[in-house]
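A.B. asks: Got a structure here, written out as structure tokens. Questions coming.
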Amino acid sequence: MNDEVSDGGLRSSGGERLPRLENWRTAQDFAKETMRRAILRGDLPGGTRLIQADLAAQLGVSTTPVREALRDLAAAGLIRLDRNRGGVVRELNWQEMEEIREIQEQLTPLAIASAIEAVTDDDLREAEALSRQMEEETDPATWVDLNLHFHFLFYQAAGGGRLSAILKSLEEGSTLYVAQAQRWHPEIRRRANEDHKALVAAFRKRDADKAIAALAGHAAISIDTTEEERLSAGESAAPKRRAGKRAPTTRDAASKGR
């Protein structure tokens, strides 16, 4: 029932209210971005069930935009759809992140070789502006979005072809891990910001070797964690199921938020 639903799991850990629907182009965009940011902030952790009716009530929209938003989130790799017209937030798999990093390490030098001469002064000014924003940003979800935009600038300068598309997909696929790593170690964000400045400086000098070096360490920030932390994340994201137990739901999160 509606009186059992609040914005608990979709409210940031800092207590901010939900964004206003009228600030978004469509209800689908509003639902998708509100859920996406809650997932990246950790307010909807791995294993959380996303029930269409509950989400629609929390967001103040019909189930249709919620259903479409869930499909978008599944396509982005943030959730898995289930048979009950809902979804489950993806649990972290650090082996997957290590695989992403290994592929990035092989492909990034190719992209830099293509982009180093093609990047424009306007691109670099925009990258510097994004870098300054990231230095001041404290919200993990917003920082991840800025980080994606920052890297996409350079991938686009590489020509916007298949290589660019692959690297963009890998960058998007690592967002959950980057956000989680920040929650464990806030200094990771500072280190990443330093890498961003070094990358822009290398591109200004058209120095491909320094640009590659800046990104070599940068790709590892999201898995620079201890085995204990990874196990802890796995246990919290995928609690051991006991007989009669079910996965947490958005309704559970809402109850806790009261």
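The values are calculated or read from the model by the stated rules, or taken from the named source; none is laboratory data. What you are looking at is a predicted structure, and each value in this text was computed from that prediction instead of being measured. All Cβ positions, glycine included, derive from the backbone under ideal geometry; neighbour counts span all protein chains shown. For the accessible areas, the whole protein counts, side chains as well, though only heavy atoms, and no ligand, DNA or RNA atoms are used. Shrake-Rupley method; radii C 1.70, N 1.55, O 1.52, S 1.80 Å.
A.B. asks: Since I103 meets every condition but one in (1) under 30 Å from A213 (Cβ atoms); (2) open to solvent by less than 40 Å² (accessible area, probe 1.4 Å); (3) modelled with pLDDT of 90 or more, which condition does it not meet?
C.D. replies: Checking I103 against (1) under 30 Å from A213 (Cβ atoms); (2) open to solvent by less than 40 Å² (accessible area, probe 1.4 Å); (3) modelled with pLDDT of 90 or more, the one that fails is (2).
A.B. asks: In the stretch 143-164, what residues are of a type in the set (S, T, N, Q) and out of contact with any Leu (no Cβ under 9 Å at 6 or more places or on another chain)? It would help to see each step written out before you state the result.
C.D. replies: So the first thing to find is which residues in the stretch 143-164 are of a type in the set (S, T, N, Q), and the list is 147, 156, 164.
Q156, S164, listed by residue number.
A.B. asks: Within the stretch 86-100, take every residue that is buried (at least 18 other Cβ atoms within 10 Å of the Cβ) and within 27 Å of A213 (Cα to Cα) and give me the one that is modelled with the lowest pLDDT.
C.D. replies: Of everything passing the filter in the stretch 86-100, W94 is modelled with the lowest pLDDT.
A.B. asks: What residue, among those in the stretch 1-29 that are more than 23 Å from Q180 (Cα to Cα) and buried (at least 17 other Cβ atoms within 10 Å of the Cβ), is modelled with the lowest pLDDT?
C.D. replies: Start the filter on the stretch 1-29 by keeping residues that are more than 23 Å from Q180 (Cα to Cα), which leaves 1-6, 20-29.
Filter once more, keeping what is buried (at least 17 other Cβ atoms within 10 Å of the Cβ): 5-6, 27-28.
Numbers: V5: 28, S6: 33, A27: 89, Q28: 90.
The qualifying residue modelled with the lowest pLDDT is V5.
A.B. asks: Still on this structure, please answer the following. Just the residues that are of a type in the set (S, T, N, Q) and open to solvent by less than 40 Å² (accessible area, probe 1.4 Å), please, taken from the stretch 149-191. Steps first, please.
C.D. replies: Going residue by residue through the stretch 149-191, those that are of a type in the set (S, T, N, Q) are 156, 164, 169, 174-175, 180, 182.
Across the stretch 149-191, the qualifying residues are S164, S174, T175, Q180, Q182.
Every residue, every condition in (1) hydrophobic (A, V, I, L, M, F, W, C); (2) without any contact (Cβ under 8 Å) to a residue 40 or more places away in the chain; (3) in a helix (DSSP H, G or I), yes or no:
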{"residue": "R37", "(1), (2), (3)": "no, no, yes"}
{"residue": "A56", "(1), (2), (3)": "yes, yes, yes"}
{"residue": "R83", "(1), (2), (3)": "no, yes, no"}
{"residue": "E99", "(1), (2), (3)": "no, yes, yes"}
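A.B. asks: Another question, if that's okay. If a residue must be open to solvent by 20 Å² or more (accessible area, probe 1.4 Å) and touching a residue at least 60 places away in the same chain (Cβ under 8 Å), how many such residues does the stretch 129-141 contain? Break it down stepwise before answering.
C.D. replies: Restricting attention to the stretch 129-141, the residues satisfying the condition of being open to solvent by 20 Å² or more (accessible area, probe 1.4 Å) are 129, 132-133, 135-140.
From what's left, touching a residue at least 60 places away in the same chain (Cβ under 8 Å): 139-140.
Final tally of qualifying residues: 2.
A.B. asks: Take E194 and tell me if it is at pLDDT 95 or above and open to solvent by 50 Å² or more (accessible area, probe 1.4 Å). Don't jump to the end; show me each part of the working.
C.D. replies: Values: at pLDDT 95 or above: no; open to solvent by 50 Å² or more (accessible area, probe 1.4 Å): yes.
Taking the combined requirement at face value, the residue does not satisfy it.
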